[in-house]
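First up is the structure itself, then whatever we jot down about it.
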Amino acid sequence: MFLPRFSGNDNDTLKNWIFQAELNFTYLAFDEMDWLPLPYFYFDGEALSWFDWFIRNKLFVIGTISRMHLLSDFNNKPT
């Protein structure tokens with residue numbers, strides 16, 4: 001099972017990464033409530049900085065983070 005790293009190149013790449021992550025996390029039987037911290041292991045560079053900011057500022061409701069939420073917030077991340 002392989003999940004590529006994501007560094008924040010573009011929105012299409014993020015969509016593909018989220019799709020692959022969901023497949024991997026489902027296959028590995030992670031409960032959806034446990035998915036939120038997992039990107040820390042797979043994000044690099046700009047994406048990791050944004051995700052860390054996202055988590056530290058509590059811009060989510062635990063267990064309800066969604067694909068659309070991630071995509072929307074990543075597109076509107078602070079510079």
Q.
List the residues, sorted by chain then number, that are 5 or more residues from PHE6 or on another chain and whose placed amide H is less than 5 Å from its amide H.
A. PHE43, ASP44
Q. Taking the simple approach of a point 7 Å from Cα along Cα-to-Cβ for both ALA29 and GLU46, what is their distance in nm?
A. 3.9
Q | Vicinal HN-Hα couplings computed from phi for region 14-29 (Karplus, 6.51 cos²θ - 1.76 cosθ + 1.60; Hz; Gly/Pro x) | A | 5, 4, 5, 5, 4, 4, 5, 5, 4, 4, 5, 5, 5, 4, 7, 6
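All of the numbers you see were taken from the coordinates with simple rules; none came from a lab. Keep in mind it's a predicted model, so treat the numbers as computed, not measured. Ideal geometry is used to build each Cβ from the backbone, glycine not excepted, and the neighbour counts take in all protein chains shown.
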